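Have a look at the structure below, then the notes.
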Amino acid sequence: MIVKDEAAHLGQCLASVQDLVQEMVVADTGSQDETMAIAKTFGAKVIELAWQDDFAKARNQALAHLSGDWVLMLDGDEELNPRMISAIQTAIADESTLVVNLMRQEVGALQSPYSLVSRLFRRHPALHFNRPYHETIDDSVLELLKKEPHWRIVDLPGVAILHSGYRPDALQDRNKTQRAQSLLEKALREDPQDAYLCNKLGALYCQIGKDQDGLKLLKQGLKSNQASIPVRFELHYHLANFYTRQRKWELARKHYQKALNEEILLPLKLGALNNYGAFLQTLGELGEAYQVFATVVKIDPTLATGHFNLGLVLKAQGNLIEAIKAYQKAIELNPDYAEAYQNLGVTTFKAGLLPESLEAFKMAIALYDQQSHPQADQLRQSLRDMGMID
């Protein structure tokens, strides 16, 4: 691990790996809180590093202090899923395995809840991290496979890592965007044809409103013909989202379909499927949208947004009873889902279930109030105008 001021999360992280690992190395880059003390209580070897604006450099320095045969990399805001320990032990017992890619769940993320990360790998002298931001071992793995092609890369099914860093509140607490932009721009200046960097920086530019710069980089990433399958999937996905915002419907459709045709694990497609379904609904293609969202909830029955989106389509089709069931399922999975309560209120009202409608609206208002969301006052006024409340 490399950490800085992770006292709030570090104990949970280290506790989650106690039954799997034989040693813990925690590289601290300048914590002012109790991070180092907490690490030491778990028996971790704590090293202090001067931060040099380069995550890969820090990872490699930490890597040099390890003695084991296998390496598991975690961040402070991540935890290992204990249910996956047995599967991990089986995977690394195979002498031909070099890397085990782990499924990571983005806890609280609304659209793309899963990613696949190369965080578990054999301690081989040729393997090291590169890229100053979004650092990975992937490039060194590819180079090693050219020389030693007998090694296997394994994608382990099932969620192995729980990551809380992309929750909306976590993102607001950290100035991640500005740091990411600076480091990615620096890296791209050094390697302007790197499809991975084009993808990450292009998506970030689109996120912060630099649309034309983002579009240029995303296209550049595809033109390089060097993108791996996961990177190519993301490039098409980000382009589809861009063209959707620009209302260039056929270009958006083309890139959604290309993204979804890539051969990656199905849970990794959930964000693209959710967005594609919303795209189809916008164009009035309700039957196709229903099929997409039905696929989403089949892949992951626990994804609240999938059931919510299914409810939106069912309501648009006039199937109010099934829409109500979909909203109720979304709320069951996420009891704080204010928008689901609001739509449940609208749908039960249309179905003539007035007491249920009022109760759902009241829950929506209460949740919006907790979130300091302006929708609370708007919804409250709408209910007054309808004579449902005083």
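The values are calculated or read from the model by the stated rules, or taken from the named source; none is laboratory data. Because the structure is predicted, anything quoted here is derived from the model rather than measured. Note: ideal-geometry Cβ built from the backbone for every residue, glycine included; neighbour counts use all protein chains shown. With ligands, DNA and RNA removed, areas are computed over all heavy atoms of the protein, side chains included. Shrake-Rupley method; radii C 1.70, N 1.55, O 1.52, S 1.80 Å.
Just a few scattered comments:
- Structural descriptor for region 4-101: relative contact order 33 percent, calculated from alpha carbon pairs under 8 angstrom and at least 6 residues apart.
- Range in the chain, longest, excluding exposed GluC sites (Glu not before Pro) [loop by DSSP; at most 13 other beta-carbon atoms within 10 Å]: 96-262
- Rh (Kirkwood; distinct C-alpha pairs) - region 276-340, Å: 11.4
- With N the number of residues in region 1-46, Rg(Cα) / (2.2 N^0.38 Å) evaluates to 1.02.
- Sorted from greatest to least, the principal axis extents spanned by the alpha carbons of region 207-249 come out as 27, 19, 16 Å.
- Taking every DSSP helix (H) stretch of at least 4 residues in the chain, weighting each as -39,500 (n - 2.57) and dividing the sum by the residue count yields a mean residue ellipticity at 222 nm of -17500 deg cm²/dmol.
- Tensor-based shape of region 1-81 (alpha-carbon gyration tensor, a/c under 1.5 rounded, otherwise prolate or oblate): oblate
- Between 0 and 90 degrees, the angle of helix 320-333 with respect to the longest Cα principal axis of the chain falls at about 40 degrees.
- Radius of gyration and maximum dimension Dmax of region 48-143, Cα, Å: 14.2, 39
- Carbon and sulfur %, accessible surface of region 66-164 computed with the full protein complex present, 1.4 Å: 53
- Rounded to whole Å, sorted largest first: equivalent-ellipsoid semi-axes of the chain, Cα gyration tensor: 40, 26, 21
- For region 243-348, the carbon plus sulfur part of the accessible surface works out to 50%, probe radius 1.4 Å.
- Heavy-atom accessible area per residue - the chain, 1.4 Å, Å²: 50
- Each part gets one Cα centre, and for region 231-309 versus region 141-157 those centres are 30 Å apart.
- The mean sequence separation of alpha-carbon pairs under 8 Å and at least six residues apart, normalised by the residue count of the chain, gives a relative contact order of 9 percent.
- Principal-axis tilt of helix 195-207 within the chain, Cα atoms, nearest 10 degrees: 40
- Residues ASP69, ASP94, ordered by accessible area of protein heavy atoms at a 1.4 angstrom probe radius and largest first, appear as ASP69, ASP94.
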